[in-house]
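All remarks here apply to the structure that follows.
The values are calculated or read from the model by the stated rules, or taken from the named source; none is laboratory data. Just so you know, these numbers come straight off a predicted model, no measurement behind them. No Cβ is skipped: glycine too gets one built from the backbone with ideal geometry, and neighbour counts run over all protein chains shown. Please note that ligands, DNA and RNA were not included when accessible areas were found on the heavy atoms of the full protein model with its side chains. Shrake-Rupley method; radii C 1.70, N 1.55, O 1.52, S 1.80 Å.
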Amino acid sequence: MTRKKFKIEGMSCGNCVKHIKDALTEDIQGIKVIEVNLENKYATIEVDDSISDEQIKAVIADLGYTVTSIE
C-alpha cells in the first residue's frame, strides 16, 4: 500500500467531502480513504500499487472536482 495526498479544488462543504470519500471507496477496489480535508482541500488515501493516479483522478473529476497535485 502506498500513501498519497491529492490536492483537490472545488470542494465547498461537508457534502463534497462525503461525495469524494464515498465515490473513491465504492468505485475503486483496494483503496482506503484516510482523510478528506475541506479546509486545506486535500484527500489522503492509501492505495494498492496496482491503482494508478489517473484512475483516482478520473473518479474525482467525474464528481466535478479537480486534482491539482499529487504528493
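Compared with the dominant principal axis of the Cα atoms in the chain, helix 14-27 is inclined by about 20°.
Relative to the longest principal Cα axis of the chain, at what angle does helix 53-62 sit, 0 to 90 degrees, rounded to 10? Rounded to the nearest ten degrees, it is 30.
Carbon and sulfur atoms: what percent of the 1.4 Å accessible area of the chain do they account for? The nonpolar share, carbon plus sulfur, comes to 43 percent. Count Lys and Arg as plus one, Asp and Glu as minus one, and take only other residues whose Cβ is under 11 Å from that of I8; the net charge is then +3.
Each residue of region 35-43 is assigned a 3J(HN,Hα), and the resulting list reads 7, 10, 9, 5, 4, 9, 6, 8, 10 Hz, derived from the Karplus form 6.51 cos²θ - 1.76 cosθ + 1.60 (θ = phi - 60°), x at Gly and Pro.
Put simply, the amide H of Y42, placed in the peptide plane, has neighbours under 5 Å in I8, N37, leaving out anything fewer than 5 places away on its chain. A simple count of charges around A43, restricted to other residues whose Cβ falls under 10 Å of its Cβ and scoring Lys, Arg +1 and Asp, Glu -1, yields +4. Hey, of (i) 21, 17, 10; (ii) 30, 17, 10; (iii) 17, 12, 11, which did the structure itself give for semi-axes √(5λ) of the Cα gyration tensor in Å when calculated? Looking at semi-axes √(5λ) of the Cα gyration tensor in Å for this model, the match is (iii). Residues in the chain average 58 Å² of solvent-accessible surface per residue, probe 1.4 Å, ligands and nucleic acids excluded.
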